[in-house]
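In what follows, a structure is listed as C-alpha cells, so that the remarks can point back to it.
The values are calculated or read from the model by the stated rules, or taken from the named source; none is laboratory data. Predicted, not measured: the structure shown is a model, and the values here were computed from it. Virtual Cβ from ideal backbone geometry, glycine too; neighbours counted across all protein chains shown.
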C-alpha cells in the first residue's frame with residue numbers, strides 16, 4: 001500500500017470529486033484530505049466504513065466482556081443455560 005497516493009489536498013477534492021469517489025469505491029482504500037498541508041478529513045467508501053463499524057462493535061463487546069471478567073461479574077455456564 002502506498003499511502004502517499006491516498007493523500008490529496010482539498011483543492012483536488014473540489015476539482016475532481018467524482019474521480020476521487022470512483023477511486024475510493026474501486027480501491028476500497030480511504031483517502032486523506034489535507035488543508036494547508038495538514039490532514040483534515042478521511043473519505044471512505046460506505047462498505048468499508050460499515051465493515052469497520054462492525055469490527056469496532058465486536059471489539060467493544062470483547063472489551064466489555066474482559067472488564068466483566070476482571071471485576072468478577074461472572075455466571076456459570078450451568079446458570080446461563082438453566083431452563084426455568
Handout entry: Of all residues making up region 8-22, the number that are exposed (fewer than 14 other Cβ atoms within 10 Å of the Cβ) and either in a helix (DSSP H, G or I) or in contact with a strand residue (DSSP E or B) (Cβ under 7 Å, 6 or more places away or on another chain) (or both)
Key = 8
Exercise for the section: Kindly indicate whether any position in region 52-60 is surrounded by 11 or more Cβ atoms within 10 Å (Cβ to Cβ), in a helix (DSSP H, G or I) and either at positive phi or modelled with pLDDT of 95 or more (or both). Expected result: yes
Completion exercise
The lone condition residue 46 fails out of (1) under 28 Å from residue 3 (Cβ atoms); (2) surrounded by 10 or more Cβ atoms within 10 Å (Cβ to Cβ) is (2)
Problem - Any hit, region 23-37, residues being touching a strand residue (DSSP E or B) at 6+ places or on another chain (Cβ under 8 Å) and part of a helix (DSSP H, G or I) - result: yes
